[in-house]
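> Structure below; questions to follow.
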Amino acid sequence: MRIEFTVYGDPMGKQRPKARNTGKFVQIYTPKETVNYESKVVAAYKMKNEHMHFSQGDEILAMITAYFKIPKAHYRFHKKTNTTDLDKEGLLMLEGKINPKKTPDCDNIAKICLDALNGIAYPDDSQITTLVVLKHYSEEPRVEIMLEKDANE
């Protein structure tokens with residue numbers, strides 16, 4: 001079985017829990033941005049794969065590809081033709097010869113995606129036995145997620 005779906009928009013990493021003092025007690029909570037992005041991952045999953053789930057004993061391979069926007073500094077505007085194109089470095093980014101070395105980190109991208117699917121696509125994210133996370137540039141920012149039964153099983 002293979003499950004594939006896309007979460008459109010800028011990739012996001014899992015944020016650390018935050019704490020607030022409520023008088024005598026300290027309350028720990030998940031930041032609103034993390035909760036919203038996890039909901040976005042679940043909605044994207046359910047749109048195409050709502051009835052597909054892995055079983056308790058399955059070993060799962062997860063491949064997550066995060067596509068980041070090419071920075072605006074690599075776009076050139078031509079007044080005469082009223083068009084925009086990429087400079088040399090921007091083209092290398094689009095071809096995959098230059099990859100993002102910026103936050104969020106691969107592990108945080110994987111964490112937010114896999115935690116969001118916990119109990120929905122699979123019973124527990126401890127079933128993920130193989131994980132591949134890639135970061136690339138694109139003109140359309142998004143995160144593509146592929147889950148399948150691990151061939152090593």
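> Looking at (1) in a helix (DSSP H, G or I); (2) within 23 Å of the chain's Cα centre (by Cα), which one does Ala73 not meet, given that it meets all the others?
Among (1) in a helix (DSSP H, G or I); (2) within 23 Å of the chain's Cα centre (by Cα), Ala73 violates only (2).
> Output the qualifying pairs, or none if there are none: Cβ atoms under 9 angstrom, residues six or more apart or on different chains, first residue in segment 42-57 and more than 11 Å from Asp124 (Cα to Cα) and at pLDDT below 90, second residue exposed (fewer than 10 other Cβ atoms within 10 Å of the Cβ) and among the hydrophobic types (A, V, I, L, M, F, W, C).
Sorted first by the residue in segment 42-57, then by its partner, the list stays empty.
> Of (1) assigned to a strand (DSSP E or B); (2) among the hydrophobic types (A, V, I, L, M, F, W, C); (3) in contact (Cβ under 8 Å) with a residue 40 or more places away in the chain, Val26 satisfies all except one. Which?
(3)
> Further question on the same structure: Being modelled with pLDDT of 95 or more and not hydroxyl-bearing (Ser, Thr, Tyr) is true for just one of Pro71, Pro100, Pro141. Which residue is that?
Details: Pro71 fails: modelled with pLDDT of 95 or more; Pro100 fails: modelled with pLDDT of 95 or more.
Exactly one residue qualifies, and that residue is Pro141.
> Quick one: which of Phe5, Phe54, Phe68 is part of a loop (DSSP other than H, G, I, E, B) and surrounded by 13 or more Cβ atoms within 10 Å (Cβ to Cβ)? Write out each step before concluding.
Details: Phe5 fails: part of a loop (DSSP other than H, G, I, E, B); Phe68 fails: part of a loop (DSSP other than H, G, I, E, B).
Result: Phe54 is the single residue among Phe5, Phe54, Phe68 that is part of a loop (DSSP other than H, G, I, E, B) and surrounded by 13 or more Cβ atoms within 10 Å (Cβ to Cβ).
> Now for a separate question. Given Lys88, Lys102, which one is within 20 Å of Tyr8 (Cα to Cα), of a type in the set (Lys, Arg) and out of contact with any Leu (no Cβ under 6 Å at 6 or more places or on another chain)?
After ruling out the rest, the residue left standing is Lys102.
Table: residues versus (1) loosely packed, with under 15 Cβ neighbours inside 10 Å; (2) in contact (Cβ under 8 Å) with a residue 24 or more places away in the chain; (3) part of a loop (DSSP other than H, G, I, E, B).
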residue	(1), (2), (3)
Met63	no, yes, no
Thr84	yes, no, no
Leu94	no, yes, no
Lys97	yes, no, yes
Tyr137	no, yes, no
Leu147	no, yes, no
Ala151	yes, yes, yes
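> Moving to a separate point now. Which of the residues spanning segment 119-133 are assigned to a strand (DSSP E or B) and either small (Gly, Ala, Ser) or surrounded by 15 or more Cβ atoms within 10 Å (Cβ to Cβ) (or both)? Full working, then the answer.
Step one: list which residues in segment 119-133 are assigned to a strand (DSSP E or B), which gives 122, 128-133.
Tyr122, Ile128, Leu131, Val133 - these are the residues of segment 119-133 that are assigned to a strand (DSSP E or B) and either small (Gly, Ala, Ser) or surrounded by 15 or more Cβ atoms within 10 Å (Cβ to Cβ) (or both).
> Then there is this: Being at pLDDT below 90 and part of a helix (DSSP H, G or I) is the requirement here; does Leu114 meet it? Working first, answer last.
Details: at pLDDT below 90: no; part of a helix (DSSP H, G or I): yes.
No.
> Could you run through segment 55-70 and say how many residues are under 19 Å from Ala116 (Cβ atoms) and under 20 Å from the mean Cα position of the chain (by Cα)?
Within segment 55-70, residues that are under 19 Å from Ala116 (Cβ atoms) and under 20 Å from the mean Cα position of the chain (by Cα) number 8.
> Hey, another quick one. Restrict the check to segment 34-47 and report whether at least one residue is in contact with a Leu (Cβ under 8 Å, 6 or more places away or on another chain), aromatic (Phe, Trp, Tyr) and under 14 Å from Ala116 (Cα atoms). Lay out the reasoning, then the answer.
Residues of segment 34-47 in contact with a Leu (Cβ under 8 Å, 6 or more places away or on another chain): 41-42, 45.
Now restrict to residues that are aromatic (Phe, Trp, Tyr): 45.
Add one more test, that the residue is under 14 Å from Ala116 (Cα atoms), and what stays is 45.
The answer is yes; a qualifying residue exists.
The values are calculated or read from the model by the stated rules, or taken from the named source; none is laboratory data. The shown structure was predicted, so the numbers you read here are calculated from the model rather than taken from an experiment. So basically every Cβ, Gly included, is an ideal-geometry build from the backbone, and we count neighbours across all protein chains shown.
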